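Worksheet: one structure, shown below.
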Amino acid sequence: MLSEPGLLILFTVSFDQDIEILIIDDHAISRHFTFEALRQFSANIRQARTGHEAISFTRNWFPGLIYTDIHLPDTCGLDVVQKIRSAWPPGRSLPQFVVITGDCSSRLRRRLKQANVTEILLKPVRMEDIRASAQRLIHLDSTVQESPVQVSAAAVDHALRELFFRELTTRLPLLDGYISQLDWKPAGEILHQLIASSAMCREQELENCSRLLYKAISSNPKPKTIAQAYHPFLQAAAQTKRNLVPDYS
């Protein structure tokens, strides 16, 4: 909640034993966004960029909550869930798994059910949604002791927007190259992340244009259709970078 302009009051939850949390996501903005949402619940949060890194963490560290993306650079997030679960030490309570994804297909839902994933959060996800899932899974009640912690909302927002500026600076030339080469798969992967970043940084025009371009290259790509979507996308991206410069500088 906001107690005064620019000041965010969080509540750090006190447990007899501090719950440990693992965030698995190759997208820097998404990792930071999820971390900021969960930091009130734990002083021990680790972040993994790949499935291999996450599995390495859990060989000798046993978090109670694991938040993972589906699309990782080296594997599928569901494969990571299954490998962590199968290697979990006997006698220890299994972690709760939360999948954050923009894929709401029936096929994925069946796979998530088979993998015994605890919860699914659909992108674009809000910080409030992530916090609410943590509260449900930790089984918070009125007997839990809470200590208020003041966090600058502007500082959180600035960090996200700085990451977004860097992402646009590096990803836009790559995206242009992939589209020029008609290489739709990596172009789609970049747009998928830009949609999420735009939503988290509240850049609605770029989010809308990214969705239209993603749609254009995902279904029977045609030069005219792509050109019609790409031009407004570039305009929106340029305007977004101009919007972000005061925050970044």
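The values are calculated or read from the model by the stated rules, or taken from the named source; none is laboratory data. All values reported here derive from a predicted model rather than from experimental measurement. Cβ atoms come from the backbone with ideal geometry, glycine included; neighbour counts cover every protein chain shown.
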**Prompt:** Out of A199, A227, which single residue is surrounded by 19 or more Cβ atoms within 10 Å (Cβ to Cβ) and not acidic (D, E)?
**Reply:** A199
**Asked** In the range 105-133, what count of residues is obtained for those that are outside any helix (DSSP H, G or I) and among the hydrophobic types (A, V, I, L, M, F, W, C)?
**Response** 6
**Message:** So, L212, is that one surrounded by fewer than 20 Cβ atoms within 10 Å (Cβ to Cβ) and out of contact with any strand residue (DSSP E or B) (no Cβ under 9 Å at 6 or more places or on another chain) or not?
**Reply:** yes
**Request:** Identify all residues within the range 90-105 that are surrounded by 10 or more Cβ atoms within 10 Å (Cβ to Cβ) and modelled with pLDDT of 90 or more; write none if there are none.
**Result:** L94, P95, Q96, F97, V98, V99, I100
**Prompt:** When you scan the range 110-123, how many residues do you find that are out of contact with any Gly (no Cβ under 8 Å at 6 or more places or on another chain) and under 15 Å from Y67 (Cβ atoms)?
**Reply:** 7
**Matching residues in the range 125-151 - criterion: being at pLDDT 80 or above and not basic (K, R)** = V125, M127, E128, D129, I130, A132, S133, A134, Q135, L137, I138
**Asked** Looking at R202, R211, which one is part of a loop (DSSP other than H, G, I, E, B) and out of contact with any Lys or Arg (no Cβ under 7 Å at 6 or more places or on another chain)?
**Response** R202
